[in-house]
Amino acid sequence: PALSYMWIFNNNTLDVGADSRRFVSQATGNLYLAKVEPWDVGNYTCAVSSAQAQRRAWGPPTALTLRGDGVMGEYEPKIEVRFPETTYAAEGSSVRLECFALGK
């Protein structure tokens with residue numbers, strides 16, 4: 001069954017559409033934050049739901065904190081690709097393959 005992912009931030013549904021720095025992958029459920037700001041600090045909880053199964057599950061909260069020294073280290077750029085070795089699709093259908101570049 002198809003799954004849908006959303007994130008809860010400090011006990012409120014996170015509206016990713018209101019902030020272009022945030023993105024939730026509907027393929028993996030991952031939450032991506034670009035350029036973390038002080039107001040991003042708090043607890044994040046992932047909620048997964050299936051309309052077909054009429055069920056919803058929540059993961060444990062994950063705290064996001066800022067380092068006091070402001071140093072996160074240097075990250076060499078890398079590209080994360082998480083595709084299965086083979087992707088099948090019906091003729092005429094659409095396929096989405098996601099790729100993200102990370103780095104500083």
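Once the range 30-45 is narrowed to residues that are among the aromatic types (F, W, Y) and closer than 14 Å to W7 by Cα, the residue that is surrounded by the fewest Cβ atoms within 10 Å (Cβ to Cβ) is Y32.
Residue under question is A27, and the condition is that it be open to solvent by 50 Å² or more (accessible area, probe 1.4 Å), in contact (Cβ under 8 Å) with a residue 12 or more places away in the chain, in contact with a Lys or Arg (Cβ under 8 Å, 6 or more places away or on another chain) and not in a strand (DSSP E or B); does it hold? In short, yes. Exactly one residue among R56, R21 is basic (K, R) and open to solvent by less than 80 Å² (accessible area, probe 1.4 Å), and that residue is R21. Just one of the numbered conditions (1) modelled with pLDDT of 80 or more; (2) surrounded by 11 or more Cβ atoms within 10 Å (Cβ to Cβ) is not true of F100: (1). Residues that are at pLDDT below 85 and surrounded by 11 or more Cβ atoms within 10 Å (Cβ to Cβ) are absent from the range 85-97.
The values are calculated or read from the model by the stated rules, or taken from the named source; none is laboratory data. Because the structure is predicted, anything quoted here is derived from the model rather than measured. We place every Cβ from the backbone using ideal geometry, glycine too, and count neighbours over all the protein chains shown. Side chains are part of the model used for accessible areas, which takes the heavy atoms of the whole protein and leaves out ligands, DNA and RNA. Shrake-Rupley method; radii C 1.70, N 1.55, O 1.52, S 1.80 Å.
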